[in-house]
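A.B. asks: One structure is given below, represented as structure tokens, and several questions about it will come after.
Rule-based calculations on the coordinates, nothing more; no lab input. Since the model is a prediction, treat every value here as computed from it, not as a measurement. Don't worry about glycine lacking a Cβ; one is built from the backbone with ideal geometry, like all the others, and counts go over all protein chains shown.
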Amino acid sequence: MDWNLPYLNDEHKGLVMLMKEFCEREVDIKALNEIGDQPMSIHSTREDVMARMPWDLISKAHDAGLRQLATPEEYGGGGYARDHLALGACAEAAGYYGGEFARLIAIPWKHTCTLVTSPYASKEVKDEMFSHFMENRKAYFASSASEANHGSDYTFPYDEPGKTGMLFARRDGDDWILNGDKQWCEGACISAYVLLTIRTDPTGPISKSATQFAFPTSTPGWTIRINDMMGNEIVPNSQQHFENCRLPDRYRISPVGEGLTIHRGAMAFLALYHHGWIGWARRVWEEIKEYAKTRIQGGRPIIEHNNVGMMIGEADALLRSARLFNYQYSWECCQPEQINPLPFYYGTWYFKKVLTRLMEIGLDVYGGMGPQKELTFEHWIRVHLSLFHGGSTGTFALVKAARVLGQ
Ligand SMILES: Cc1cc2nc3c(=O)[nH]c(=O)nc-3n(C[C@H](O)[C@H](O)[C@H](O)COP(=O)(O)OP(=O)(O)OC[C@H]3O[C@@H](n4cnc5c(N)ncnc54)[C@H](O)[C@@H]3O)c2cc1C
């Protein structure tokens, strides 16, 4: 993996080396894949899914200073929440050297970044959450907006008054009473806090009727149900049910009615996941290439057959361009000017295209070996198909871009 990129300074490269050494020393990619493949019932309890998590590995990542890279320095963290290139490069290194470890470590980074950069989260809430995170090696964060009947509706948003968002929070003195459901949330079932975007005005358009909260999952009335996907990640995806959950107003992290703006402002941090996926895809590409160099058919390595060699070259070119695209976006996010959302939308569309083509190429090159479970490619393909459309489909990202272009 070439880390001589103009986007990365010496400090970034030092962090990448730290991640590389950690992954090479501590991460067993096959063992992580096996955890993801352990069967999970939709009726699994929080205790069941907590027991499945590789907390030892996460705790070692804490000892190495990696788990808390995004946490502010005043709490003992790395303080990199505003350095999109530092976290992006580390996520990419985690993906390349540690496969699924990238998601495992980057999910709490992303939500930490949201909280650090939120102008509305109070010091009290930050103190509570970051202290908890630093003191408890099993503390995890998640973020939740989408609902069963309102997925894209929440992100677009579909703004017809009173339509989008059924999970509702009603004001009751100094508290809010939450009732309803959220449908897909990465890691909610293992999280100590979920950053929740919820309707608080029953009649208005969702862009002006949602409010964001940091929700402690120890709150009575909160229950989960696992979403059992074909290629489960280690961090399980779950539904959440809220039944008369009483939440003090101090956990509000946006002005009332402006939660969606804050939620969408965290988009820049989603690029972290893209960095991680590209790193993992690079490793997969290298494995495909090595296979093509050793597999002999027609009397020579298949990479020497033009049809195979060209596909491997094509995948290399696509991955390089997706990688640079993503670094350019992360670099723009580090600049003081207001972030232009277009590169994010384009990047979401583009890297999904690239990874889909990599899957196709891998299946062609491996032939009958492609679906064999002994290859990490088989696991990678399943995980990616499962999480491919988290956030937005590629084409829908272009729909959002077109709307910006038309303004
Ligand atoms: C692995 C995974 C992880 C996820 N993690 C989280 C999480 O942590 N937190 C969270 O809140 N959510 C999460 N989600 C949910 C994710 O954000 C939604 O899946 C996404 O918003 C799309 O919603 P949907 O699945 O309901 O699809 P739908 O909204 O039903 O869309 C179906 C199709 O219709 C198209 N479509 C929808 N509306 C329009 C429109 N107005 N114009 C044109 N086309 C349209 C879409 O592009 C898509 O092709 C996750 C999902 C997955 C799969």
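A.B. asks: Once you have the Cα-Cα distance between MET17 and LYS123, take 0.36 nm times their residue separation minus that, and quote the gain in nm to one decimal. Working shown, then result.
C.D. replies: On the way: separation 106, 0.36 × 106 = 38.16 nm, distance 3.32 nm.
So the chain would gain 34.8 nm between MET17 and LYS123.
A.B. asks: Quick check for me: using +1 on Lys/Arg Cβ and -1 on Asp/Glu Cβ, what's the dipole size of the chain about its Cα centre, in debye to the nearest 20? Walk me through the numbers on the way to the answer.
C.D. replies: Numbers: 41 positive and 49 negative charges, 121 e Å.
Dipole magnitude for the chain comes out near 580 debye.
A.B. asks: Related question: Taking neighbour Cβ counts within 10 Å as the exposure measure, how do PHE215, PHE156 sort from fewest upward?
C.D. replies: On the way: PHE215 27, PHE156 17.
Listing PHE215, PHE156 from fewest to most nearby Cβ atoms yields PHE156, PHE215.
A.B. asks: Excluding same-chain residues fewer than 8 positions from LYS123, which lysines have a Cα within less than 22 Å of its Cα?
C.D. replies: LYS123 reaches LYS110.
A.B. asks: By the scheme Lys and Arg +1, Asp and Glu -1, what is the net charge of all other residues having a beta-carbon under 11 Å from that of LYS182?
C.D. replies: Numbers: positive: ARG225; negative: GLU147, ASP181.
Summing Lys and Arg as +1 and Asp and Glu as -1 gives -1.
A.B. asks: Excluding same-chain residues fewer than 8 positions from LYS208, which lysines have a Cα within less than 16 Å of its Cα?
C.D. replies: Correct list for LYS208: LYS163.
A.B. asks: Compute the projected area of the convex hull of the Cα atoms of segment 10-135, averaged over all viewing directions, and report it in nm² to one decimal place.
C.D. replies: Values: hull surface 34.0 nm².
Average of the hull's projected areas for segment 10-135 equals 8.5 nm².
A.B. asks: Right, here's the next one. Over the Cα atoms of segment 201-293, what Rg and Dmax result, in angstrom?
C.D. replies: When restricted to the Cα atoms of segment 201-293, Rg and Dmax are 19.5, 62 Å.
A.B. asks: Just tell me which lysines come within less than 24 Å, Cα to Cα, of LYS289; anything on the same chain fewer than 8 places away is out.
C.D. replies: Of all the lysines, those that pass the test against LYS289 - Cα under 24 Å, at least 8 places apart if same chain - are LYS20, LYS30, LYS352, LYS353, LYS373.
A.B. asks: When the Karplus curve 6.51 cos²θ - 1.76 cosθ + 1.60 is applied with θ = phi - 60°, which whole-Hz ³J(HN,Hα) does each residue of segment 214-226 get, with x for Gly and Pro?
C.D. replies: 9, 9, x, 6, 7, 5, x, x, 9, 9, 10, 9, 6
A.B. asks: Roughly how many whole Å is it from the C-alpha centroid of segment 103-173 to that of segment 351-407?
C.D. replies: Spelled out, the Cα-based centre of one part sits 26 Å from the other.
A.B. asks: While we're looking at this one, here's another question. Using alpha carbon coordinates only, what is the Rg to Rh ratio of segment 266-405, with Rh defined as the Kirkwood radius?
C.D. replies: Details: Rg = 16.8 Å, Rh = 16.1 Å.
Taking Rh as the inverse mean 1/r over Cα pairs, Rg/Rh reads 1.04.
A.B. asks: For q values of 0.18 Å⁻¹, compute log₁₀ I(q)/I(0) with the Debye formula on a Cα-only model of segment 141-263, without solvent.
C.D. replies: Treating every Cα as an identical point scatterer, log10 I(q)/I(0) equals -0.87.
A.B. asks: Under unit Cβ charges (Lys, Arg +1; Asp, Glu -1), what dipole magnitude, rounded to 20 debye, does segment 1-66 have relative to its Cα centre?
C.D. replies: Values: 7 positive and 13 negative charges, 21 e Å.
Roughly 100 debye, rounded to the nearest 20.
A.B. asks: Rounded if a/c is under 1.5, else prolate if a/b beats b/c, else oblate: with a ≥ b ≥ c from the C-alpha gyration tensor eigenvalues square-rooted, which is segment 350-396? Could the numbers behind the result be given before it?
C.D. replies: On the way: a/c = 3.85, a/b = 1.82, b/c = 2.11.
Oblate.
A.B. asks: If you don't mind, there's one more thing I want to ask. Find the Cα radius of gyration of the chain, compare it with 2.2 N^0.38 Å by division, and give the number to two decimals. Mind dumping the intermediate values first?
C.D. replies: Details: Rg = 21.2 Å, N = 407, 2.2 N^0.38 = 21.6 Å.
My calculation over the Cα atoms of the chain gives 0.98.
A.B. asks: Local charge sum around PHE269 (other residues, Cβ-Cβ under 15 Å, Lys/Arg +1, Asp/Glu -1)? Show your work: numbers first, answer last.
C.D. replies: Values: positive: ARG82, ARG103, LYS110, ARG264; negative: ASP83, GLU92, GLU186, GLU332.
Residues close to PHE269 contribute a combined charge of 0.
A.B. asks: Check ILE224: other-chain or 5+ apart residues with amide H under 5 Å from its amide H, H built from backbone geometry?
C.D. replies: Those lying under 5 Å, H to H, from ILE224 are HIS241.
A.B. asks: Along the charge dipole of the chain, which of GLY391, CYS333, PRO157 sits closest to the positive end, that is, farthest toward it, with unit charges on the beta carbon of Lys, Arg, Asp and Glu (+1, +1, -1, -1)?
C.D. replies: PRO157
A.B. asks: Something else about it: Starting with the fewest neighbours, write out ILE278, ILE177, ILE42 ranked by other beta-carbon atoms found within 10 Å of each beta-carbon. Spell out each step's value before the answer.
C.D. replies: Details: ILE278 26, ILE177 17, ILE42 10.
Exposure proxy ranking, most exposed first: ILE42, ILE177, ILE278.
A.B. asks: Still on this structure: Note down the net charge around TYR345, summing +1 for each Lys or Arg and -1 for each Asp or Glu among other residues with Cβ under 10 Å from its Cβ.
C.D. replies: Details: positive: LYS400, ARG403; negative: none.
Net charge around TYR345: +2.
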